[in-house]
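No value in this document is a laboratory result; all are computed from the given coordinates. Since the model is a prediction, treat every value here as computed from it, not as a measurement. Glycine also receives a Cβ, built like all others from the backbone with ideal geometry; neighbour counts cover every protein chain displayed.
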Amino acid sequence: MVSENLDHIEERICAACERAGRDRRSVTLICVTKTKPLEMLQEAYEKGQRDFGENKVQEICRKKPELEPDIRWHMIGHLQRNKVRQLMGQTVMIHSVDSLRLAETISAEAEKAGLVMPVLIEVNAAQEESKFGVSIEETEELVRAISALRGVHIEGLMTIAPYTDDPESNRGYFARLRELAVDIGQKCIDNVSMGVLSMGMTGDFEVAIEEGATHIRVGTGIFGERIYT
């Protein structure tokens, strides 16, 4: 199932890139593996996937030693400050930084570990009360504050758009995030680059690609519905 699903997702990515006039290589597919057994992750790996995303620190720490060492793990879920230390050396990027206090903790732990942690600022583009993330209006201020920290490097922005049956309804949020990234990028803030836009999931990743996503996070479309025990 996983192999066939990945083929289908790949076809959709390529079609979206073609519509947008983009190189397929400009889009990174992150396989979202939360609640999934190792066997399914292994199948995705054998299909050529190397970027995997998890919502929970303990899941990365549990799964990483059991799988091949060249997998690039992304922390995509809400991160509690008391879990940050466990994450050092385990992940290539933290997508969900939404406060200065969290960034300060990440920076301090990264410095202790001799690392500079790549991070994305999570933006609540749709201003949903149920979602984490800073508002669009407050994003630049947060970026400037975090940019002074030595243990992190801001790579770009991330958003989780509303769940919807109509992907087109999220196009405006993705376009706004891209515009925000361009605007901040033009300010040439030290320790900040805006090359990464992490946006789009199973239901809307094609629209996200058309609006400039560099990283899409797909779970259900690859592995099926989440498994809860």
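Points to keep in mind about this one:
- Positive-end residue, the stretch 2-223 charge dipole about Cα centroid, Cβ charges, pick of GLY77, THR139, GLY89: GLY89
- Relative contact order %, the chain, counting alpha carbon pairs below 8 Å whose residues are six or more apart: 21
- Relative packing of peptides 12-22, 109-119 - highest average C-beta neighbours within 10 Å first: 109-119, 12-22
- Within the stretch 7-33, backbone nitrogen closer than 20 Å to the virtual label 7 Å beyond the Cα of GLU168 toward Cβ: 12-13, 15-21
- Student exercise, the stretch 2-223 dipole from Lys, Arg, Asp, Glu Cβ charges, in Debye to nearest 20: 780
- Gained length - SER193 relative to SER135, 0.36 nm times residue gap less alpha-carbon distance: 19.0 nm
- Two-decimal ratio, the stretch 2-223, of alpha-carbon radius of gyration to 2.2 N^0.38 Å: 0.97
- Calculated mean residue ellipticity, 222 nm, the chain: -11000 deg cm²/dmol, from DSSP H runs (n ≥ 4) at -39500 (n - 2.57) each, averaged per residue and rounded to 500.
- Cβ-defined net charge surrounding ALA103, 14 Å radius [Lys, Arg +1; Asp, Glu -1]: -4
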